[in-house]
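Taking it in order: structure first as structure tokens, then the write-up.
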Amino acid sequence: MPTYRNISTSYQAAIDINNDRQDVAPQGTVETHQILDNTAIWTKTLDTPYYNIAADNHDVTFTSPSGLTQEVTVDPDNSVFEIRSDVACTVHANHASAEGYPVLADTPVQIRHNHNIEKLVLVGSAAGTADVIELED
């Protein structure tokens, strides 16, 4: 998502990357997630900042033999989790009101659900690492 410059001769309103309204002065700039396509008012000066859909990232380390099972607490409001692991592992997604269910994660996988997952339990097949990435809706 880009940065724009106000090329008009008056203040212009825009929503910045923090979702706040900004009154941008003539020749002033704003970083926004919006596309400001009125070329009589705005000109794009940078392609950044880029929108990041990752809400959180968790690094997991599997150690043999006692540390092959690792718990990751996640935000129940996020509905997509991506798991990348350098060893085969099983992921149990624990719903707030139900038992977990296993998902094999020997390649990058995404778990999609209807919220309320509070914990992921990763069981590695050997020593190694995994990343759990929480994605925004």
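Among the residues of region 33-47 satisfying the criterion of being of a type in the set (A, V, I, L, M, F, W, C) and farther than 25 Å from Val80 by Cβ, which is nearest to the chain's Cα centre (by Cα)? So the residue we want is Leu46. Residues being in contact with a Lys or Arg (Cβ under 7 Å, 6 or more places away or on another chain) and at positive phi: count how many of those fall in region 14-34. Qualifying residue count, region 14-34: 1. Filtered by the rule that a residue be assigned to a loop (DSSP other than H, G, I, E, B), more than 30 Å from Thr73 (Cβ to Cβ) and of a type in the set (Ser, Thr, Tyr), region 2-57 gives Ser8, Thr9, Ser10, Tyr11, Thr32, Thr39, Thr48.
Checking the structure you have, find out if any residue of region 48-62 is more than 30 Å from Gly124 (Cα to Cα), in contact (Cβ under 8 Å) with a residue 12 or more places away in the chain and more than 14 Å from the chain's Cα centre (by Cα). Checked against the condition, which is being more than 30 Å from Gly124 (Cα to Cα), in contact (Cβ under 8 Å) with a residue 12 or more places away in the chain and more than 14 Å from the chain's Cα centre (by Cα), region 48-62 yields at least one hit.
The listed residues are Tyr11, Tyr50, Tyr4, and the only one of them that is exposed (fewer than 14 other Cβ atoms within 10 Å of the Cβ) and touching a strand residue (DSSP E or B) at 6+ places or on another chain (Cβ under 6 Å) turns out to be Tyr11.
Every number in this text was worked out from the coordinates using simple rules, so none of it is lab data. For clarity, every value in this text was computed on a predicted model and none was experimentally measured. In this analysis, Cβ positions are derived from the backbone assuming ideal geometry, glycine residues included, and neighbour counts consider all displayed protein chains.
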